[in-house]
Every structure is written in C-alpha cells, then in structure tokens.
Amino acid sequence: MIYPLVRGLAADGIPVAVTCRVLKIAGQPYYRWLARPVTDAELAEAYLANAVFDAHRDDPEFGYRFLADEAAAAGYRAAERTVWRICRDNRWWSAFGKKRGGNGKRSGASAHDDLVQRDFTAKGPNQLWLTDLTEHRTA
C-alpha cells in the first residue's frame, strides 16, 4: 500500500496534495485510510489467522481443510479457500502434506546413442541433421 509513504512524506514536510499528485492517487482515500488504517475485513482476517495458527500449533498434521474446521469450531466463519490462502502466505503446511525435494531417482542413460559426439558443427550443407525427419518434411 502506498498510503504509509504519503504519511511519511507528509511528516517530512512535503504537502499531501503534492505527493498525491506526483503519485497519481486521489487524496480522499488517503484521508479515509488515515482515519482508519486497519479495515474491519483486515482485522477479522487477523483474528482468523490467529485461530488457524493456534489450531496448527496444537496439531501440525492438520491440513488447511481441518484447520478451517477447527476455526469454525472456535466460532470463526471463513471459506476453506481463505484458510488455504492464510496458510500459504504464512507457510503453515501439514507435516505430511508437502513433499520436499525430488523423488530420489536419477536420470538414466540417454535413450539414443550420441552419434555426433556432442559436436554440432557441420562440415558442409546437409551433413549434420538434428531432428526427427518423420515429423518435418524435407526435400
């Protein structure tokens, strides 16, 4: 959000009207934000995030769906998608749900022999072809 920048510049003595004009924002929403910097929705989401964190701390095996159920049992109403977003933003993953790293397999040998020995320079025209000729028509 850009409104804290406007407030900081106003504290340094730069008029709010000048700052709003330079930043191409309207002044009225800034003053509305200044009177109430935290909206009701943001406050409700913060309380929901606290309830989700408490449930996650109590049982870290829970995924976001169970955390949403625990928050609902604590009296907070929210969609599972909202709880998922809160968990994603705060990196609250289930202890079982996320795989870390690769699958432990290594790539095998190449499927085809390396007939050009990784030398892709041709000595003349039509000497070195590096394509599947069945897919691309040639003369």
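Of the residues making up the stretch 1-39, those that are basic (Lys, Arg) and either within 30 Å of Arg77 (Cβ to Cβ) or surrounded by 13 or more Cβ atoms within 10 Å (Cβ to Cβ) (or both) number 3.
Return the residues of the stretch 40-88 that are loosely packed, with under 12 Cβ neighbours inside 10 Å and not in a helix (DSSP H, G or I); say none if nothing qualifies. Hits for the stretch 40-88 are Glu61, Gly75, Arg77, Ala79. A count restricted to the stretch 18-75 and to residues that are basic (Lys, Arg) and closer than 25 Å to Val6 by Cα stands at 4.
Any read-out appearing in this document is the output of simple, stated calculations on the displayed coordinates, not a laboratory observation. Just so it is clear, the model here is predicted, and its values are computed rather than measured. Every residue, glycine as well, gets a Cβ built from its backbone with ideal geometry; the counts of neighbours run over all protein chains shown.
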